[in-house]
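Got a structure for you, questions after.
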Amino acid sequence: MEPTLLVGDRILSDNSFYDSRPPQQGDIVVFRYPLDPATYFVKRVIGVPGDRIRIEGSLLYRNGVALDEPYAAYKSLRPRNERDNFPILPSPTAFPEWADELVEVINDGELVVPEGRYFVMGDNRDFSSDSRYWGFVPRGNILGKPVVIYLSFDSSDDEFRRADDRVSHFPPKTRWDRLFRPIE
């Protein structure tokens, strides 16, 4: 989700937010990863039920309209057809079950989001494990809406991953400018 969220960000989520309304296009959601429900993911909702999605040369279209996405980051200099032009068959990087399902949800070169499912993508479009590769998120997997970063560590150093190093390196490794930042 870079640059919206960084590795080392700790977030608070409102897990009752979607009790009274469905996720909307552009919402950031916390959900159980469909291929391993014990794992939590955070991604942006790109398509809701009934939406038609396609990507051409990294430009995202929803229902035939190119989206203005100021939050999206493109970091790779090397184009990849299955990432930058979607949907494409066969996709060499898709999980096999998704590759089989993908055939059934493409209509006129666009992916059509089925009822009860959501198409999600990370803001770091070139390096995101998202719906392009493993499929839709069922509505029941969506847990809540992240609202604030309550703590953020620069955890790029291996030694900072040990608990005793976190205490001794807390001040210099804390990203103070990200504390209590709302997630949008």
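With the requirement that a residue be modelled with pLDDT of 95 or more and in contact with a helix residue (DSSP H, G or I) (Cβ under 8 Å, 6 or more places away or on another chain), what does region 117-131 give you?
Matches in region 117-131: Arg117, Tyr118, Phe119, Val120, Met121.
If a residue must be surrounded by 14 or more Cβ atoms within 10 Å (Cβ to Cβ), touching a residue at least 60 places away in the same chain (Cβ under 8 Å) and more than 12 Å from the chain's Cα centre (by Cα), how many such residues does region 1-30 contain?
So the answer is 10.
Of all residues in region 132-183, count the ones that are within 30 Å of Ala94 (Cα to Cα) and either of a type in the set (A, V, I, L, M) or at pLDDT below 90 (or both).
6
Which residue is farthest from Asp126 (Cα to Cα), if the candidates are limited to region 69-89 and must be assigned to a loop (DSSP other than H, G, I, E, B) and touching a helix residue (DSSP H, G or I) at 6+ places or on another chain (Cβ under 7 Å)?
Going through the qualifying residues, I end up with Leu89.
Tell me which residues, restricted to region 42-53, are touching a helix residue (DSSP H, G or I) at 6+ places or on another chain (Cβ under 9 Å) and buried (at least 18 other Cβ atoms within 10 Å of the Cβ).
Scanning region 42-53 gives Lys43, Ile46, Gly47, Ile53.
So which residues in region 6-23 are within 27 Å of Lys75 (Cβ to Cβ) and at pLDDT 95 or above? Spell out how you get there, then give the answer.
Kept after step one, since they are within 27 Å of Lys75 (Cβ to Cβ), are these residues of region 6-23: 6-11, 13, 23.
Result: Ile11, Ser13, Pro23.
I'm trying to understand the selection: among the residues of region 7-28, which are touching a Phe, Trp or Tyr at 6+ places or on another chain (Cβ under 7 Å) and of a type in the set (Lys, Arg)?
Arg10
When you scan region 99-122, how many residues do you find that are part of a loop (DSSP other than H, G, I, E, B) and surrounded by 20 or more Cβ atoms within 10 Å (Cβ to Cβ)?
2
A further question follows. Please go through region 29-67 and pick out each residue that is part of a loop (DSSP other than H, G, I, E, B), over 21 Å from Leu143 (Cβ atoms), at pLDDT 95 or above and out of contact with any Phe, Trp or Tyr (no Cβ under 9 Å at 6 or more places or on another chain).
Gly50, Asn63, Gly64
The values are calculated or read from the model by the stated rules, or taken from the named source; none is laboratory data. Quantities reported herein were computed from a predicted structural model and do not represent experimental measurements. Reconstructed Cβ throughout: ideal geometry from the backbone, glycine too, with neighbour counts over all protein chains shown.
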